[in-house]
1. From Cα pairs below 8 angstrom and at least 6 apart in sequence, can you work out the relative contact order of the chain, rounded to a whole percent?
2. Using Stokes-Einstein with the Kirkwood hydrodynamic radius over Cα pairs, what translational diffusion coefficient do you get for region 148-275 at 25 °C and a viscosity of 0.890 mPa s, in µm²/s rounded to a whole number?
3. For Lys302, go through the aspartates and glutamates and keep the ones whose alpha-carbon is under 19 Å away, minus same-chain ones fewer than eight residues off.
4. Sort Ser161, Ser6 by heavy-atom solvent-accessible area, probe 1.4 angstrom, most to least.
5. Above 21 angstrom, tally the Cα pairs of region 204-275 and express them as a % of all pairs, no decimals.
6. Can you give the helix-only mean residue ellipticity at 222 nm for the chain, where every DSSP H stretch with n ≥ 4 adds -39500 (n - 2.57) and the sum goes over all residues, rounded to the nearest 500 deg cm²/dmol?
7. Under 1.5 on a/c is rounded, so check that first for region 1-41, then, if it is not, pick prolate when a/b is larger than b/c and oblate when it is not; a ≥ b ≥ c are the square roots of the alpha carbon gyration tensor eigenvalues.
8. What is the distance in Å between the Cα centroid of region 208-274 and that of region 1-77?
Amino acid sequence: MMRILSGIQPTGRFHWGNYFGAIRQYIDLQNGQDTAFYFIANLHALTTIRDRDLLARNTFDAAIDLLSLGLDPERATLFVQSDISAVSELCWILMTTTPMGLLERCHAYKDKKSKGLSADAGLFTYPVLMAADILLYDSNLVPVGEDQKQHVEVCRDIAGSFNSSFGDAFVIPEAYIVKDTAKVPGLDGGKMSKSYGNSVEVFEDLKLQKKKIMGITTDSRPIESPKEPEGDHLFQLYSLFATPEQTMTLAERYRRGGFGYGEIKKELVTLAETFFATARKKREELLAKPDYVKKILADGAKKAQKKAEEVLTRIKKSCGIG
Ligand code: ADP
Ligand code: TRP
């Protein structure tokens, strides 16, 4: 059996980068409660959110948003990371064989250090907890965006290092990255990220969303001059929502010239609104059924717990603490 697993932090509302880079792959790959495991990484979010009500609310909102976007509890297991305490136990076990140098090279920690900011041990060991998340369920495939590739590599290294000390205890996972959407650009052309203030949220108020889209940065070439679609972030964003034919037509319009970026932006507003219309409707329904969502998370935790116990027992035995 092939296990697919991924986690997403509840650090705010999901943006287009999260959806096209990661969440859409969760949905495409879900093919059974036993095979597809997805969780809300609230333990990881503790490294940045220090407001209990906000973290609790974000965690629940993340569940509602994932379900609205098409995560199907009949075809996948959805749970909250902290409901499975075995993950923290495995994290400690893994730390004992994780070289410091491996973590010192990880970008989240390195970036913070290079800015002269002090990092806490949670941020430093963040990739070990992520490795525990993956290894605890014998995961084979981990759908993520480009920026998480390094963390999956680290997980492979950590598992390899443990295996070489204690025998083949862990399954070695692989990242699943869809090239075309691995790095969705933001409004300013840089990587879309909630930390850069350049993101468009999936469930944003439509008026605000329109304002943001109309504000996408563009160059100041005259309307009549032909333009190259490749590498243009407005073109890239448009093609996320468009059919292949619409994208081809837009590429021709770029090459021909004679259009204003404003027209394209207006079309993008409509495309994006239509694209997520069903999800928005579903979200309204789910917001009115909090008990139903809680039940999905409780059932998911039960399912994940079973597998977690099995793997943790095996690992503890393998290193002599079973
Ligand atoms: P952010 O960068 O906004 O803090 P997260 O780190 O919480 O986003 O990312 C959650 C998931 O979404 C990860 O799998 C990540 O790789 C993916 N992701 C985030 N931003 C992008 C983007 N701009 N393009 C593609 N995938 C992305
Ligand atoms: N670190 C990931 C992110 O910021 C979230 C995450 C935590 C994760 N544990 C994971 C992703 C395990 C995949 C697998 O997006």
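The values are calculated or read from the model by the stated rules, or taken from the named source; none is laboratory data. All figures in this text were calculated on a predicted structure; none of them were measured in a lab. Cβ placement follows ideal geometry from the backbone for every residue including glycine, while neighbour counts extend to all protein chains displayed. Protein only, heavy atoms only, side chains kept; ligands, DNA and RNA dropped before computing areas. Shrake-Rupley method; radii C 1.70, N 1.55, O 1.52, S 1.80 Å.
1. 22 percent
2. It comes out at roughly 143 µm²/s.
3. Filter leaves Asp34, Asp72, Glu74, Asp83, Glu89, Asp133, Asp138, Asp291, Glu310.
4. My answer, sorted largest first, is Ser161, Ser6.
5. 21 percent
6. -16000 deg cm²/dmol
7. The shape class here is oblate.
8. Taking the Cα centre of each part, region 208-274 and region 1-77 sit 30 Å apart.
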